[in-house]
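Structure record follows, encoded as structure tokens.
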Amino acid sequence: MIPQETVNKILDAAQIVDVVGDFVTLKKRGANHIACCPFHNEKTPSFSVSASKGIYKCFGCGKSGTAVGFVMEHENMSFTEALKYLAKKYHIEVVEKEETAEEIAQRQKHESLMLVSEFAGKFFQESLNTVEGQSIAWQYFKSRGLEDETIRKFGLGWAPLSRKALSEAARAAGYKEEFLVDAGVSIKYDDGRLVDRFYDRVMFPVHSVSGRVIAFGGRTLKTDKSVAKYVNSPESEIYVKSRSLYGIYFAKNEISRQDKCILVEGYLDVLSMHQLGITNVVASSGTSLTVEQIRLIRKFTNNITIIYDGDGAGIKAALRGIGLVLKEGLNVKIVLLPDGQDPDDFAKAHTLEEVQEHIARNEQDFINFKTDLLLGEAGGDPLKKANLINDIADTIALIPDAVIRAVYVRSSADRFEIDEKILADRVSRTRTDMILADEKQKERERQRAAGMNRPAAQPDMPSGDDVPPPSSDDFYQDGYSEASVENPPVVPQAVYEGPIVINEPYLAPCERELLGFILEEGCTDLKFDIDSKYYVEGEVINVAEFIDGILADDEADFVNQSFRKVYDEYFQMYDEGLSQQQIQSRLLNSMDAEVSAVARELLIEKYQITVKSYEQSMTSTSTKLVQFIPKALLAYQCKKVELILRDLTARLASETDPDRQVALLSEIGDYNKARTRLNNELGRV
């Protein structure tokens, strides 16, 4: 197996015109190159190569693909052979690594755990709607000021009083016990009993950046001090607490848009702030801020505002976080709340404007925050003041950027009325000590690693070979299948005709269209007219960010499996900073056959826009996008509303409780108004 890093290098290096030109005489025509097709006899050229998209297409015989696909088709090579051919052409060294049976089993197990965790999330949400859940958990959420929309948006739920409810439901649905245990939702005792980890608790699911449920926090409502207030998921293959942030999936778009992340401590802090309308908020979930969490935030912004309680513990937590954030090169500000209040209390006691004003007025640069705090402690003691100055210098030394360090040195020297050189010398010495300490730490880690590689006596443990790899029968998912360990998948992407999984046909055309816009023009800027409701003075947004932002605001994730998978893959690579062409190439050449099939359909087969006049009405690509993308989003929102109305109408027909009937009728009325508004915006009668 060729390592993925090497595959990416090959795909990035391969130029479609250069590769095809080795076999076919190409002629430039407009933005593309044309030739007589090498795959069938023809006299008039119908074979087209697009350098910008990195694809070829014959409009005569229908063959299409990427540079890798062309070599496979023309030279009758396998996917791996074609990669090696291109690697040789572009002088890229290939060191193959064979995927072992254990690695294949590990990959399959990872997906199994994700599915188990998502099943548990749905189970807890459904349990919230039971009589037990309504009378206990729902009442608790309401007492904390949470609205129905917030409860649904964040997937809050209820773990029933029964100690076996989830485990029995999961086994009945076909999930294996080992995956329930490994995902952290069940506990298996030595006597063989399988029980739920979470029971008699309100549940807060933790989502990954891509929106999948990976863990849970369960809070007891009992006042008994002997009962732990919170029970959290143990760390697993899919969940590492130090690398996760509560609310990141719901906040990431607004963090990017505002170029600022607000960091709080707990679940309810995040929920109340989001409910108020401040949605660029995440929490470290009760753990001290870690380097991995800071790096996760850095994917979306370089600016962090830390909001902690105004008491002593909150101040100490803020001080602990400063050093880590600075060392990772981010800008950090601190906001302290009035003593005795946390962000949850503060958000519920104030309006959106009041909270925004408090943050803007009380945000302090870390130097001013730390200086004000420590100067108050130092009083008039010269020695304490000297220690304070050294402390500030050591904090400045954490900043990796030399220019920013110099600015802080100068401003701090002015603040303390000391020679700038003295402060600069202290910063320089501290940085030297830090570098030496880092080198020593790395050397210790190397020595430990070398020691770990030496043979040592091991306790009797079950061998990984004794555990059979999971198969497609081990767990339930619509359309899901896995290759066996003995027969790992062969992926000749250019000729793959695998299924595109459609779970909701009614929404499929809209999702296909929106995904097509993203894959085709994701990095193209949208230039809205000044009278457009989407126009924001001084703001430039591209197609991908616009669509992603609108969908996130409406909580309208793609529901069709294949489109959602490609959507998530696209934005994962987009967040890594890859160009549009690189993303297209990697999707088209993906080793996930489902992903490549969707990419081929949308990028090569030229997805059909639902508004036929798109191809004819205007010549400017920018004008086309500005007109048709908002319409496509409105059409998608309208279809979503219509599906909700169908569901509500069906529930009303079977509902016997008069109070619930009234509530459902009210909800139906609201959604009917929303549908009318959307149809009016679309110009429909």
message: Modelling each spin label as a point 7 Å along the Cα-to-Cβ direction, I'd like the Y90/S162 distance in nm, to one decimal.
response: 5.6 nm
- prompt: Which lysines have a Cα lying under 17 Å from the Cα of K673, excluding residues fewer than 8 positions away in the same chain?
  reply: K639, K640
- request: Quick one: what are the phi-derived ³J(HN,Hα) couplings along the stretch 13-18, Karplus 6.51/-1.76/1.60 with θ = phi - 60°, whole Hz, x for glycine and proline?
  value: 7, 5, 9, 4, 5, 4
task: With no solvent and one equal point scatterer placed on each C-alpha of the stretch 29-103, evaluate the Debye formula and give log10 I(q)/I(0) for q = 0.23 Å⁻¹, two decimals.
output: -1.06
field: Highest average packing first - 21-27, 103-109, Cβ atoms within 10 Å
entry: 103-109, 21-27
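With a probe of 1.4 Å, find how much accessible area the chain has per residue, and write the answer as a whole number in Å². Could you put the intermediate results ahead of the total?
Working: 34730 Å² over 685 residues.
Accessible area per residue, the chain: 51 Å².
Rounded to the nearest percent, how much of the accessible area of the stretch 1-77 (1.4 Å probe, protein heavy atoms only) is carbon and sulfur?
Looking at the stretch 1-77 in its full context, I get 48 percent from C and S.
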message: Looking at the chain only, what percent of DSSP beta bridges run antiparallel? Nearest 5 please.
response: 75 percent
field: Solvent accessible area, Å² - K9, 1.4 Å probe, full protein context
entry: 130 Å²
- prompt: Can you list residues whose amide H is under 5 Å from A215's amide H, if they're 5+ apart or on another chain and H is modeled 1.01 Å from N?
  reply: V206
Overall Cα dimensions of the stretch 122-261, principal axis frame, Å, largest first: 53, 35, 32
- prompt: What FRET efficiency do you get for L645 and E42 if R0 is 60 Å and r is their Cβ-Cβ distance, rounded to the nearest 0.05?
  reply: 0.70
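Leaving out ligands, DNA and RNA, what percent of the accessible area of the stretch 98-165 is carbon and sulfur, probe 1.4 Å? If you can, show how the numbers build up before the last one.
Details: 1620 of 3200 Å².
Ligands and nucleic acids excluded, carbon and sulfur reach 51 percent.
Would you mind getting me the FRET efficiency between L383 and D438? Use the beta-carbon distance for r and R0 = 30 Å, nearest 0.05. Mind showing how you got there, number by number?
Working: r = 30 Å, r/R0 = 1.01.
The value I calculate is 0.50.
Would you mind calculating the gained length between N331 and V662 on full extension (0.36 nm times residue separation, minus the Cα-Cα distance), in nm to one decimal?
Working: separation 331, 0.36 × 331 = 119.16 nm, distance 5.09 nm.
Net length gain for the segment: 114.1 nm.
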statement: Residues whose modelled amide H sits under 5 Å from the amide H of K176, counting only those 5 or more places away in sequence or on another chain, are none
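Once you have the Cα-Cα distance between A674 and D554, take 0.36 nm times their residue separation minus that, and quote the gain in nm to one decimal. Provide the component values of the computation, followed by the final result.
Details: separation 120, 0.36 × 120 = 43.20 nm, distance 1.23 nm.
Taking 0.36 nm per residue and subtracting the Cα distance, the gain is 42.0 nm.
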statement: Spelling it out for I541: with amide H atoms placed in the peptide plane at 1.01 Å from N, the residues 5 or more places away or on another chain with amide H under 5 Å from its amide H are L526
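What ratio of Cα Rg to 2.2 N^0.38 Å holds for the stretch 358-449? List each step's numbers first, then the result.
Numbers: Rg = 15.9 Å, N = 92, 2.2 N^0.38 = 12.3 Å.
It is 1.30.
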Karplus-derived 3J(HN,Hα), 6.51/-1.76/1.60, for each residue of the stretch 219-226, Hz, glycine and proline x: 10, 7, 9, 7, 9, 5, 5, 7
- prompt: Within the P(r) computed for the stretch 1-130, what percentage of the Cα pairs occupies the region above 27 Å?
  reply: 43 percent
query: Near K327, which lysines are there with a Cα under 21 Å away, not counting those fewer than 8 places off in the same chain?
result: K241, K260, K299, K316, K370, K440, K442
- prompt: Where the Cα atoms of the stretch 1-66 are projected onto their three principal axes, how long is each span, largest first, in whole Å?
  reply: 42, 24, 18
task: Using just the helices of the chain, give the 222 nm mean residue ellipticity in deg cm²/dmol: DSSP H runs with n ≥ 4 each add -39,500 (n - 2.57), and the total is spread over all residues, rounded to 500.
output: -16500 deg cm²/dmol
statement: In cubic angstrom per residue, the convex hull of the chain built on its Cα atoms measures 231 Å³
query: With r defined as the distance between the Cβ atoms of L352 and Q572 and R0 fixed at 41 Å, what FRET efficiency is calculated, to the nearest 0.05?
result: 0.80
statement: Taking D554, D190 and ranking on accessible area (1.4 Å, protein atoms only), highest first, one gets D190, D554
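The values are calculated or read from the model by the stated rules, or taken from the named source; none is laboratory data. Because the structure is predicted, anything quoted here is derived from the model rather than measured. Don't worry about glycine lacking a Cβ; one is built from the backbone with ideal geometry, like all the others, and counts go over all protein chains shown. Accessible surface is based on the protein model in full, side chains and every heavy atom, while ligands, DNA and RNA are left aside. Shrake-Rupley method; radii C 1.70, N 1.55, O 1.52, S 1.80 Å.
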